[in-house]
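Below: the structure, in structure tokens.
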2 protein chains.
Amino acid sequence: MTTGFATGRALRPTTKVLPEHARGHNRSLVLQTLYRIGTLSRADIARETGLTRVTVSDLISELMGEGLVIEMGQREDARPGKPATLLDLDRSAFQIVGVDLSEYATFRGALLDLDGHLLDTVSLPLAGSTGDEAAAKVEQIIAELVSRAVRPILGIGVGSPGVVDLNGVVLSAPNLGWTGRDLQGELAARFDLPVVVINDANAATLAEHSFGGATGDMMLVKIGHGVGAGLLLGGTPLFGSRFAAGEIGHVMVGTDGGATCVCGKVGCLETWLATPRLDAALAAATSDIQKEQILWEAGERLGIALAPVVGALDLAEIVLSGPTELLDGTLARAAIETLRARTMPEFHGNLELRMTGLGEDIVLRGAAVMVLSGQLGVS
Amino acid sequence: MTTGFATGRALRPTTKVLPEHARGHNRSLVLQTLYRIGTLSRADIARETGLTRVTVSDLISELMGEGLVIEMGQREDARPGKPATLLDLDRSAFQIVGVDLSEYATFRGALLDLDGHLLDTVSLPLAGSTGDEAAAKVEQIIAELVSRAVRPILGIGVGSPGVVDLNGVVLSAPNLGWTGRDLQGELAARFDLPVVVINDANAATLAEHSFGGATGDMMLVKIGHGVGAGLLLGGTPLFGSRFAAGEIGHVMVGTDGGATCVCGKVGCLETWLATPRLDAALAAATSDIQKEQILWEAGERLGIALAPVVGALDLAEIVLSGPTELLDGTLARAAIETLRARTMPEFHGNLELRMTGLGEDIVLRGAAVMVLSGQLGVS
DNA sequence: CATGTTTGTTAGTAAACCTTACGAACTAAT
DNA sequence: ATTAGTTCGTAAGGTTTACTAACAAACATG
């Protein structure tokens, strides 16, 4: 709109800007263009970015010097003019370590390439570990992956449950017994590599944004042992004023009671949707019809809880992540129907709700996105 | 946080950046510093912004050439060294036209100075006008204010009800009979001045941010003939994927029925909170206790509706705007108590809820903020 | 009164991108 | 076959930006 520096309508510039910052920005812009579109010539990039061919050439030679970009030979098609030299990101130049601490009983890790594809995976049973012991297992997984890497490692991304601040300090993760633990700092010191620690649901949201085809403002609801969410608004993840954005598991739903929650309240979203509760309810059901009813009510409650959020944020998309057999079907249908019934179709009729297509690797891939974004300005 | 170019953790650079953009950014930074802190010397600004004295001197001379900044004489206090030449924004150098179309029966307009103080006001009964007739009244108000201005006009800001896109096109404002009306374009053509048209609740949110002392992520709920809201997240207003963010008036609240709404649904937030409904209910009440109950339930419903939003966004603050006699008291108390009861105190216990201190001028002042932000990069 | 401090300016440098121009390599029309 | 036109990448030179270094002016202090 105005300067291009701040997103949206600029409000309150806060830091000075030097020419070198512009350079870094344009460098990322070139990388981003290659990352998104794929093989391009220098002239293509110039047209795409608005920079001149001269500037692009200069940036490309810098990037080729770092081994990030490689020439792919000449373009084949028959056109007038000098044939273009094609370029692309060297997508196997680096590898990324991604770690997912969000599953209840297992830590998972993977090596990924710059496209976010899993190359190798490792998992380690948590076996009830908490505190230092759990942290040691995180280090163990990463050490194993680092030793298996066959390329330089771009960085380490970790998706952790709980509340994580912008410096990667896990402020609170009850299941792992962490409070104010500087996991990012510890890992950075141990491995001497760039490290990013981020909330698991936020990681999943980023993965959906980069690989799942989410376009506009989106909320990802991650349903597992607990219920959490991540938000992507205007292309930027939302962290919240205390880094607790997306913590909707213990919000009360409806005005007609419900089951008692571990938190002491009645009718929290988790009492309807957390998988242990759902599994138990389904196991106790005596007929398929009853099971359908359980799933329908769970979806309905999700819709009731999200309706005000959809109204307030004017979301374009809601994505569910979790066990497909529970979520994808009656539950999702109930959720979207309830949402449509409880909001204004004139404003929010375009809302869509779907399962993620990224399956169980969503947090691993989201952690990789954080590394890509932090190190290359690409995602 | 990182570069200063993108807000938050940078994701996806999208536009090129030239040195001249950096210049504009730093120029705004200097203006912003003067605007916020007030009288400062060049050296003070340099320390505050991180720019060098040389650069600041250069920017200041440019700004003085435009008449935006003036010298205020020398600093009086006794210190070693050459006495500092004090500078300030010339806060009476320009005037701003602000217009508020959000009241049910009246259009209001005002001349404001750069500090957002009202210098002169005009109002015009709407008298049921819609469509072109209503638009003509907007022009009439602005023309009157332009003729009364005794300084150059920096720009025109308009807060309109309904859904307004980023180009100031009123996509939908039922009360005024506008659909897809390019009000911003019409006014810019008519007055040959910078014009910004923005949703009324968003304008109010900006005013609260700039003048009301709102600090972190905030939601402003504007209660009047309808119920709308504006959100400020990470210092940036949220517009939503279809520019309908904040449209919470017709979200259903609770799972126990309620009154039938004009929209056809049952138990919309407006059925509890819109002032006509509240006034009617209070008028029909036969005792003070009953009136208290009505207000309490209204606040309770607001809390029920906002709890999921607070949980999802981790808001720091909720601000109410509207008739003080209705909102400030039982209703607000009920809302915050309900919010606290329905969310997690560990995450959201710091949440505050209060009335705005800006009264009925909040939209006018917010419209002025848009002009300030757009023209000077200041707010 | 000499010394040290602070302010604002002047002069020169480095970095970034731009415009202009050109050779290389191709297609298409004559 | 030759000419004209197109496209690509690079080179040279210019502009803008903010920086560092240095300095004079103007003050306080011992």
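Shielding value for B:27-35 is 3, the average number of Cβ atoms from other chains within 10 Å of each residue's Cβ. Positive contributions from Lys and Arg (+1) and negative ones from Asp and Glu (-1), summed over other residues with Cβ under 13 Å from the Cβ of B:ALA136, come out at -2. Considering only beta bridges that DSSP places wholly inside the protein assembly as shown, some 60 percent are antiparallel. Calculate how steeply helix A:362-376 sits against the longest principal axis of the alpha-carbon atoms of chain A, using the helix alpha-carbon long axis, and give the answer as 0 to 90 degrees to the nearest 10. For A:362-376 against chain A, the angle is about 30 degrees. Each Cα pair under 8 Å and six or more residues apart adds its sequence gap; the mean of these over the residue count of chain B is a relative contact order of 15 percent. Applying the criteria of a DSSP loop state and at most 13 other Cβ atoms within 10 Å to the GluC sites (Glu not before Pro) of region B:31-80 yields B:GLU66, B:GLU76.
Sequence-ordered 3J(HN,Hα) estimates for region B:74-83 from the Karplus curve with 6.51, -1.76 and 1.60 and θ = phi - 60° stand at 8, 5, 8, 4, 8, 9, x, x, 4, x Hz, glycine and proline given as x. Relative to the other identical copies, B:GLY257 shows label-point distances of 1.8 nm, where the label point lies 7 Å from Cα along the Cβ direction and values run shortest first. Straight Cα distances below 28 angstrom link B:LYS265 to the lysines B:LYS222, B:LYS291, with same-chain residues fewer than 8 positions distant left out. Our summary gives region B:3-135 a relative contact order of 15 percent, counting only alpha carbon pairs under 8 angstrom and 6 or more residues apart.
Placing R0 at 60 angstrom, the Cβ-Cβ distance between A:THR324 and B:THR106 gives a FRET efficiency of 0.60 after rounding to 0.05.
Taking the longest Cα principal axis of chain A as reference, the axis of helix A:200-211 is set at about 50 degrees.
With a 1.4 Å probe and all protein chains left in place, how much of the accessible area of chain A comes from carbon and sulfur atoms, in whole percent? Its accessible area is 50 percent carbon and sulfur atoms. Put simply, the Cα atoms of region A:217-356 extend 45, 32, 28 Å along their principal axes, the longest span coming first. Averaged over the residues of A:300-308, the number of partner chain Cβ atoms lying within 10 Å of the residue Cβ comes to 4. Computed over the alpha-carbon atoms, region A:19-89 gives an Rg to Rh ratio of 0.97, Rh here being the Kirkwood radius from the mean inverse distance.
In whole Å, what is the distance between the alpha-carbon centres of region A:109-134 and region B:244-276? Cα centroid of region A:109-134 versus Cα centroid of region B:244-276: 46 Å apart. Projecting label points 7 angstrom from Cα along Cα→Cβ for A:ARG23 and A:VAL146 puts them 3.0 nm apart.
Each copy carries a label point for B:THR39 at 7 Å from Cα along the beta-carbon vector; from one copy to the others these points are 6.8 nm apart, nearest first. At a probe radius of 1.4 angstrom, the accessible area of the protein assembly as shown per residue rounds to 39 square angstrom. Roughly what angle does helix A:19-37 make with the longest principal axis of chain A, taking Cα atoms, 0 to 90 degrees, to the nearest 10? Value to nearest ten degrees: 70. Local charge sum around A:GLU186 (other residues, Cβ-Cβ under 15 Å, Lys/Arg +1, Asp/Glu -1)? For residues surrounding A:GLU186, the net value is -3.
Starting from the label point of A:GLY50 at 7 Å along Cα→Cβ, the same points in the other copies fall at 2.4 nm, in ascending order. In order along region A:176-182, the phi-based Karplus estimate (6.51 cos²θ - 1.76 cosθ + 1.60, θ = phi - 60°) of 3J(HN,Hα) comes to 9, x, 10, 9, x, 8, 7 Hz; Gly and Pro are listed as x.
Which percentage, to the nearest 5, of the DSSP beta bridges contained in region B:215-356 is antiparallel? Given both bridge residues lie in region B:215-356, the antiparallel proportion sits at roughly 55 percent.
Chains B and A: how much accessible area gets covered up at their contact, both sides added, probe 1.4 Å, in Å² to the nearest hundred?
Adding both sides of the contact gives about 7100 Å².
Close amide H contacts of A:ASP120 (hydrogens built in the peptide plane, cut-off under 5 Å, sequence separation of 5 or more or a different chain): A:LEU111.
Normalised by residue count, chain A yields a Cα convex hull volume of 182 Å³ per residue.
Could you work out, residue by residue across A:344-352, how many beta carbons of other chains sit within 10 Å of that residue's beta carbon, and then give the average as an integer? Walk me through the numbers before you get to the answer.
Values: counts 9, 2, 8, 14, 7, 1, 3, 2, 0.
The per-residue average across the peptide is 5.
Convert 4 °C to kelvin, take the viscosity as 1.567 mPa s, use the Kirkwood radius over C-alpha pairs of region A:318-379 as Rh, and evaluate the Stokes-Einstein diffusion coefficient in µm²/s, rounded to a whole number. Translational diffusion coefficient: 95 µm²/s. Between B:THR15 and B:ARG53, the modelled label-to-label distance comes to 3.5 nm, taking each label 7 Å out from Cα in the direction of the beta carbon. Computed over the protein assembly as shown, the Cα gyration tensor eigenvalues convert (square root of 5λ each) into semi-axes of 41, 39, 24 Å, ordered from largest to smallest. Amide H contacts of B:GLY155 (H built 1.01 Å from N, in plane; Pro and chain starts excluded): B:VAL97 sit under 5 Å, all sequence-distant by 5 or more or on other chains.
Placing unit charges on the Cβ atoms only, positive for Lys and Arg and negative for Asp and Glu, gives the protein assembly as shown a dipole magnitude near 1240 debye about its Cα centre.
Residues of region A:231-256 that bury at least 50 Å² of accessible area when the other protein chains are present, relative to the chain alone (probe 1.4 Å, heavy atoms, ligands and nucleic acids excluded): A:LEU238, A:SER241, A:ARG242, A:GLU247, A:VAL251, A:MET252, A:THR255.
The values are calculated or read from the model by the stated rules, or taken from the named source; none is laboratory data. Just so we're clear, the structure is a prediction, and the values are computed from it rather than from any experiment. Positions of Cβ are backbone-derived with ideal geometry, glycine not excepted, and every protein chain shown enters the neighbour counts. Keep in mind that these areas ignore ligands, DNA and RNA; they rest on the heavy atoms of the full protein, side chains included. Shrake-Rupley method; radii C 1.70, N 1.55, O 1.52, S 1.80 Å.
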